[in-house]
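Student: Just passing along the structure, written as structure tokens.
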Amino acid sequence: MANTENQEREEVEYLKLFSENQVDGIILIGTIFTPAHKRALRALQVPVVVLGQKLEGYSCVYQDDYLAAKESARMMLKDAKHPAYLGVTKRDHATGEERFRGFLDVLEEKGIDWDNSFYEESAFSVEGGYEAMGRLWERHPEIDAVFGATDSVALGALGWLQEHQIRIPQQVAISGVGDTVSGRIVAPKLSSVHFFYQTSGQEAARLLLELMNGNPAGKEIKMGFRIEERGTTRQTAI
């Protein structure tokens with residue numbers, strides 16, 4: 001097992017290391033696929049399953065990031081006039097691109113014109129969300145809703161807004177993605193998208209065992225989700 005903490009070079013090095021150590025199969029939790037990643041994957045002599053991203057030609061288990069963000073945005077934007085988005089690098093196709101695309105499609109449905117100055121990119125962390133929210137608010141203090149691409153980013157935004165005496169959700173509604181423990185214990189509790197991560201891991205393990213038993217690669221499993229509306233989008237927090 002290797003924890004690379006989203007470091008691209010570390011991921012590539014571990015793929016090579018696992019291959020040299022002659023493991024029977026690999027589950028890769030995918031984020032960004034650089035040319036180096038793809039070369040390392042092609043060089044593997046053992047089966048591999050990609051978890052969390054869709055990658056052409058490989059067996060994958062991934063989340064419906066587009067639809068999840070779309071449904072969550074519909075919930076959050078019921079009364080919003082000036083929504084904002086705290087995103088992450090678009091090199092991460094699922095988290096960076098697909099979630100933002102779902103958000104934008106809801107704005108189009110609602111007839112809300114999008115100005116890209118309401119977008120701010122964050123690191124994958126609470127600290128990143130906190131700092132990005134500050135930059136965003138400096139440009140647009142009229143914001144009344146913030147969609148965070150992850151719970152960590154949304155929690156950082158929540159912390160910044162509360163520190164500056166902005167009432168949640170009365171002045172600004174917030175939602176995230178991931179349904180983390182941290183999001184369930186803050187006050188008010190964070191509205192979020194619940195992905196079935198444990199089931200995803202089980203499905204990835206099953207796919208890997210199938211590959212190790214000689215089944216062909218390329219099977220894809222797209223997982224479901226559940227919207228959890230809580231205190232950061234409800235006028236009456238519970």
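Student: Are there any pairs with C-beta distances below 7 angstrom linking a residue in segment 176-200 that is farther than 19 Å from ALA84 by Cβ to a residue that is small (Gly, Ala, Ser) and part of a loop (DSSP other than H, G, I, E, B), with the two at least 6 apart or on different chains, and if so which?
Tutor: LYS189/GLY231; PHE195/GLY178; PHE196/GLY224
Student: I would also like to ask the following. Could you grab me the full set of residues in segment 61-87 that are in a loop (DSSP other than H, G, I, E, B), farther than 28 Å from LEU28 by Cβ and open to solvent by 20 Å² or more (accessible area, probe 1.4 Å)?
Tutor: Once the filter is applied, which keeps residues that are in a loop (DSSP other than H, G, I, E, B), farther than 28 Å from LEU28 by Cβ and open to solvent by 20 Å² or more (accessible area, probe 1.4 Å), segment 61-87 yields LYS78, ASP79, LYS81, HIS82.
Student: Take GLU108 and decide whether it is surrounded by fewer than 22 Cβ atoms within 10 Å (Cβ to Cβ) and either part of a helix (DSSP H, G or I) or among the hydrophobic types (A, V, I, L, M, F, W, C) (or both).
Tutor: yes
Student: (1) buried (at least 24 other Cβ atoms within 10 Å of the Cβ); (2) among the aliphatic types (A, V, I, L, M); (3) within 20 Å of GLU228 (Cβ to Cβ): which one isn't true of MET133, the others all being true?
Tutor: For MET133, the failing item is (3).
Student: Only one residue in ALA157, ALA217, ALA205 is within 19 Å of THR233 (Cα to Cα) and of a type in the set (A, V, I, L, M, F, W, C). Which one?
Tutor: ALA157
Student: Any idea how many residues of segment 11-55 are in a helix (DSSP H, G or I), crowded, with 17+ Cβ neighbours inside 10 Å and more than 22 Å from the chain's Cα centre (by Cα)?
Tutor: The qualifying residues number 6.
Student: For segment 84-112, which positions are under 17 Å from MET133 (Cα atoms) and touching a residue at least 60 places away in the same chain (Cβ under 8 Å)?
Tutor: ALA84, TYR85, LEU86, GLY87, VAL88
Student: Out of all the residues in segment 163-197, which are among the hydroxyl-bearing types (Ser, Thr, Tyr) and open to solvent by 20 Å² or more (accessible area, probe 1.4 Å)?
Tutor: THR180, SER182, TYR197
Student: Moving to a separate point now. Out of all the residues in segment 198-229, which are under 21 Å from the mean Cα position of the chain (by Cα) and surrounded by 14 or more Cβ atoms within 10 Å (Cβ to Cβ)?
Tutor: SER200, GLY201, GLU203, ALA204, GLU220, ILE221, MET223, PHE225, ILE227, GLU228, GLU229
The values are calculated or read from the model by the stated rules, or taken from the named source; none is laboratory data. All values derive from a computational prediction rather than experimental measurement. Ideal geometry is used to build each Cβ from the backbone, glycine not excepted, and the neighbour counts take in all protein chains shown. The accessibility values were calculated without ligands, DNA or RNA, using every heavy atom of the protein model including side chains. Shrake-Rupley method; radii C 1.70, N 1.55, O 1.52, S 1.80 Å.
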